[in-house]
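Enquirer: Mind looking over this structure? Questions follow.
The values are calculated or read from the model by the stated rules, or taken from the named source; none is laboratory data. Small disclaimer: the values here were computed from a predicted structure and weren't measured. Cβ: placed from backbone, ideal geometry, glycine included. Neighbour counts: every protein chain shown.
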Amino acid sequence: MSETVSLSLHGQVAVITIDNPPVNALSHSVRKGISDCLAEAAKDDNVKTVVLYCAGRTFIAGADIREFGKPPQSPSLREVLSQLDSFRKPIVAAIHGTALGGGLETALCCHYRVVNSDAKLGLPEVKLGLLPGSGGTQRLPRLIGAERALDMMIGGKPVDATTATAWGISDECTDDEILQAAMDFAKNKIDVEKLPRVSANKVADIEDDFFAAYRKKIAHRTRGFAAPERIVQCVEAAVSLSFEEGMRKERELFRLCRDSDQSASMRHLFFAERQVARVPDVPADTQVREIDNLAVIGAGTMGAGIALACLNAGLNVSLLDKDRQGLERGQATIEKLLSAAVSKGRQTATQMREQLSRLELIDDYQALADADLVIEAVFESMAIKEEVFSMLDKVCRDGAILASNTSTLDIDRIAAATSRPADVIGLHFFSPANIMKLLELVRGAETSAEVIATSMRFARQLSKIGVLVGNCFGFVGNRMLYGYGRENQFLLLEGAAPEHIDKVLTDWGMAMGPNAVGDLAGLDVGYKVRQERTDLPADSRYYRVADMLAEQGRYGQKTGRGIYLYTDGSRKPTTDPEVSDMIRQEAKRLGVEQREIGNDEIIERCIYALVLEGARILEEGFAQRASDIDVVWANGYGFPRFRGGPMFYADTIGLDKVDEAVCRFRERFGSQYWSASELLERLARDGGTFGNLANKE
């Protein structure tokens, strides 16, 4: 036995209870406790059947993350599962809450599974660059078939109890108290002589070309990731090999995943995304303000998206726009997006009507008098935002949080338009706001701890990752984006074709290339932001291609023409010879010599520009940790998760290598953009890493 696992007798039913809060993770003490209890139940002749149950709010929700990277202790999970699999008395898993990863693998080794109707079951290891390494790739296909098993493991998303029962993962779904239901089920199995064992099953027959077709189906969404292909290989083994041979194959491929840079990168992000909520000068017990009445100002694309994100979170939302037609367009946008969710089966028409019932359209600022949180999402102009916040200061109650969705502008200057700068914060949503996970929380000089803590909780309410950043132009994400985009623009003038740059960077792992992103976001957006700035370098090459396109009305997908052409309403870009000719002529006018540019130079200039600006942001204190920067870029800008974010990637390849490249680019292109970072130079010289800076907090 152990302090986390106990054995109790209920007539002929023995109940093994795991109690390892908060999520009953499979720590060493839990594994040993299960093993000891099984041994005790095996030798007790009075015990005819066993129920495996978890106290608290959930079944086993996976491995103990505190043991990640540490030497394994016996008994390993595989040893415990082998003990379960070979147990000679019926074992029933009583599942409530979640059974994830090793938790579901444990349940699969039991003879029967009873699930509560609100339970969720899944194998999410792929999200950490891993594969289920304790028999999941071998047992699940044998239970529900190759295709469903692959979908669960490669998608990484859990299935609900109804689906799990329909597919055969569980034997019974119940609304009753789960322990009693499992004990009742177990009593009916006492006299069963031949116990069902998933490991003894044969995978259902599949078409000869199934795996080739499946690989083709997932190719786009798994591009660059190693774990999905290895999961497919494991399931191929489950189909063609014995269980024992398949287990050996799984173990071999699991070790390859576990020891890879990809898994290290994805595990880094896993921990980083949980660390962002920790703000050193905002204690965990800081009082938070209640948000019952929420308002969004501006019914354009971003405002409507923010309103929908809040509706999806169950909040009541007032959407304000002085233009009644604009309000109606915003409402139509929300209804269109909700209708699309209904048509795709993501929600019901009844749920849609309920969401719309919580939306109020208003055109008078006086209606904001009782708002707890107001999010401004108007045009990206300082003059307009100052006017809005001055009005909010007059009409909003004391204690209301006033937030700006600005993507670049000075939060302190916006706050100065009010008499309550402590209540002002930036809430920078990413488009589309109802989908993107990232929310940059921009801290002004006087933003209170209460407002920060409340905003962090608000981000969690919206199921978003809130990252606290400092107040500088572009904050963290967009400030770094300018260096990335600048190098793309210079590379265009120097002779690299836009489609070639985009292909090189997407092949490297970026979700989209910078030129395709510009067309998607709208080239007019960045152009207008640059027009607002007074601190841009006196360099006629700086974003010159993007400016020329915007000045010609070539805004991207919205106009059917940007740096690419989009014909007949298609979103698929095609090369435009007119743009290529325009770039050549402009390069000639500016005296920029065009040349052949290699793939490595494209990657290094664009990615190292990110790293260099990230180092400056850390130096200047606008990000709390290097890992916060990684979270921003992985969740807001399509940086490949399997590279861990720009700062972790730099640590992986070595900061001495990055600094050497920065010095080389400074010699070639000058110090205006490639000026030295003291932090980067020091870490490179001392063999340090950005990640180790966090250990010195």
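Enquirer: Sort out which residues of segment 1-26 are buried (at least 18 other Cβ atoms within 10 Å of the Cβ) and either in contact (Cβ under 8 Å) with a residue 60 or more places away in the chain or part of a loop (DSSP other than H, G, I, E, B) (or both), and write them in order of number.
Expert: Thr4, Val13, Val15, Asn20, Val23, Asn24, Ala25, Leu26
Enquirer: Do we find that Ala415 is in contact with a Gly (Cβ under 8 Å, 6 or more places away or on another chain), buried (at least 23 other Cβ atoms within 10 Å of the Cβ), of a type outside the set (Asp, Glu) and farther than 16 Å from Ile401 by Cα in this structure?
Expert: Answer is no for this residue.
Enquirer: Hey, among the residues in segment 534-550 that are more than 33 Å from the chain's Cα centre (by Cα) and within 18 Å of Val517 (Cα to Cα), which one's surrounded by the fewest Cβ atoms within 10 Å (Cβ to Cβ)?
Expert: Among residues in segment 534-550 that are more than 33 Å from the chain's Cα centre (by Cα) and within 18 Å of Val517 (Cα to Cα), the one surrounded by the fewest Cβ atoms within 10 Å (Cβ to Cβ) is Met548.
Enquirer: If you go through segment 558-601, how many residues are more than 37 Å from the chain's Cα centre (by Cα) and not in a loop (DSSP other than H, G, I, E, B)?
Expert: 11
Enquirer: Give the residue, chosen from Leu121, Leu84, Leu140, that is in contact with a helix residue (DSSP H, G or I) (Cβ under 9 Å, 6 or more places away or on another chain), at pLDDT 95 or above, of a type in the set (A, V, I, L, M, F, W, C) and assigned to a strand (DSSP E or B).
Expert: Leu121
Enquirer: While we're looking at this one, here's another question. Exactly one of (1) assigned to a helix (DSSP H, G or I); (2) at pLDDT below 95 is unmet by Ala204. Its number?
Expert: If we test Ala204 against (1) assigned to a helix (DSSP H, G or I); (2) at pLDDT below 95, just (1) comes out false.
Enquirer: Okay, moving on. What residue, of Phe185, Phe254, is hydrophobic (A, V, I, L, M, F, W, C), at pLDDT 95 or above, touching a strand residue (DSSP E or B) at 6+ places or on another chain (Cβ under 7 Å) and buried (at least 20 other Cβ atoms within 10 Å of the Cβ)?
Expert: Phe185
Enquirer: Quick check on segment 523-530. Is at least one of its residues without any contact (Cβ under 8 Å) to a residue 12 or more places away in the chain and at negative phi?
Expert: no
Enquirer: May I ask you to verify whether Asp363 is modelled with pLDDT under 95 and either in the same structural domain as Ala313 (by TED's automatic domain parsing) or of a type in the set (A, V, I, L, M, F, W, C) (or both)?
Expert: yes
Enquirer: Output the helices (runs of 4 or more DSSP H) that fall wholly within segment 224-307 and possess 2 or more residues being under 30 Å from Val525 (Cβ atoms) and in contact with an Asp or Glu (Cβ under 8 Å, 6 or more places away or on another chain), or say none.
Expert: Passing ranges, in order: 261-275.
Enquirer: Related question: Any residue that is more than 22 Å from Val239 (Cβ to Cβ), in contact with a Phe, Trp or Tyr (Cβ under 9 Å, 6 or more places away or on another chain) and either in the same structural domain as Gly69 (by TED's automatic domain parsing) or surrounded by fewer than 18 Cβ atoms within 10 Å (Cβ to Cβ) (or both) - is there at least one of those in segment 154-161?
Expert: no
Enquirer: If you take the residues of segment 66-111 that are of a type in the set (Ser, Thr, Tyr) and closer than 13 Å to Leu38 by Cβ, which of them is surrounded by the most Cβ atoms within 10 Å (Cβ to Cβ)?
Expert: Thr106
Enquirer: What do you reckon, is Ile306 modelled with pLDDT of 95 or more, over 26 Å from Arg397 (Cα atoms), under 26 Å from the mean Cα position of the chain (by Cα) and buried (at least 20 other Cβ atoms within 10 Å of the Cβ)?
Expert: Against the criterion (modelled with pLDDT of 95 or more, over 26 Å from Arg397 (Cα atoms), under 26 Å from the mean Cα position of the chain (by Cα) and buried (at least 20 other Cβ atoms within 10 Å of the Cβ)), Ile306 does not qualify.
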